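Asker: The structure's right below; bear with me while I get my questions together.
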C-alpha cells in the first residue's frame with residue numbers, strides 16, 4: 001500500500017425519491033433526468049483527474065454514477081455492498097417530514113438501539129469505515145474515487161474529522177465531492193461537499 005492515499009467521496013446523482021424527499025436507504029432507486037445530468041457533469045469534471053481506482057455502493061443510483069466516471073477514465077467499478085446507504089427499514093419510501101412529525105421521540109442519528117428496523121448509526125458508520133480501510137489496504141492506487149450515499153458519506157466524514165464535518169453538520173448535494181487524505185494512519189479533510197460543477201443547474 002502506498003503511504004499517501006487521496007480519496008474522493010462522492011454522493012450519487014439525484015433520484016425521484018430525493019426530489020420528493022422520500023427515504024431511500026437500501027431501496028434500489030434509479031437516477032432521474034436531473035441526476036443523469038449531474039452525473040454527466042461530474043464525469044466531465046473528473047476527466048483530467050489522477051483517479052485510478054473507482055469503488056461504489058452496489059445500489060444502482062451509486063453504481064451508475066460511478067460507471068459514468070469510469071467510462072470517462074477507462075476504469076472498472078468495484079462494487080461494495082458495505083458502501084450502501086443506511087438501512088432505514090420500515091421508514092423506506094416514507095417522507096422525511098412525516099417521519100419527523102410521527103416519531104418526535106426518536107433521534108435516528110443518536111439512538112444506540114435499533115427501532116423500526118432501522119440500522120443504527122454506529123453500525124452503519126462502522127461498516128463504512130471498515131470497508132474504506134479495506135479498500136485502502138488492498139489498493140495500490142494513490143487516487144481513489146468512492147461513490148456512495150449521503151448518510152454513509154456523512155458518517156465517514158464524521159468519523160474522519162472527529163465530528164467537525166459530516167453527520168449533523170453537513171448536507172451533501174447530489175454528486176458533491178468531499179476530498180480526504182490518508183497518510184500513515186492519519187486523516188485530513190481538505191474539501192467537503194464541492195458541487196461547483198453544478199453551479200448553474
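The values are calculated or read from the model by the stated rules, or taken from the named source; none is laboratory data. Every value quoted in this text rests on a predicted model; they were computed, and no experiment measured them. Virtual Cβ from ideal backbone geometry, glycine too; neighbours counted across all protein chains shown.
Asker: What is the residue count in segment 7-22 for residues that are in contact (Cβ under 8 Å) with a residue 60 or more places away in the chain and over 18 Å from residue 83 (Cβ atoms)? Spell out the reasoning first.
Answerer: If we filter segment 7-22 for residues that are in contact (Cβ under 8 Å) with a residue 60 or more places away in the chain, which is where we start, we get 7-14, 17-18, 20-22.
Subset that is over 18 Å from residue 83 (Cβ atoms): 14, 17, 20-22.
Adding up the residues that qualify gives 5.
Asker: Continuing with this model, one more query. Regarding residue 147, is this residue part of a strand (DSSP E or B), in contact with a helix residue (DSSP H, G or I) (Cβ under 8 Å, 6 or more places away or on another chain), at pLDDT 95 or above and crowded, with 21+ Cβ neighbours inside 10 Å?
Answerer: Details: part of a strand (DSSP E or B): yes; in contact with a helix residue (DSSP H, G or I) (Cβ under 8 Å, 6 or more places away or on another chain): yes; at pLDDT 95 or above: yes; crowded, with 21+ Cβ neighbours inside 10 Å: yes.
Taking the combined requirement at face value, the residue satisfies it.
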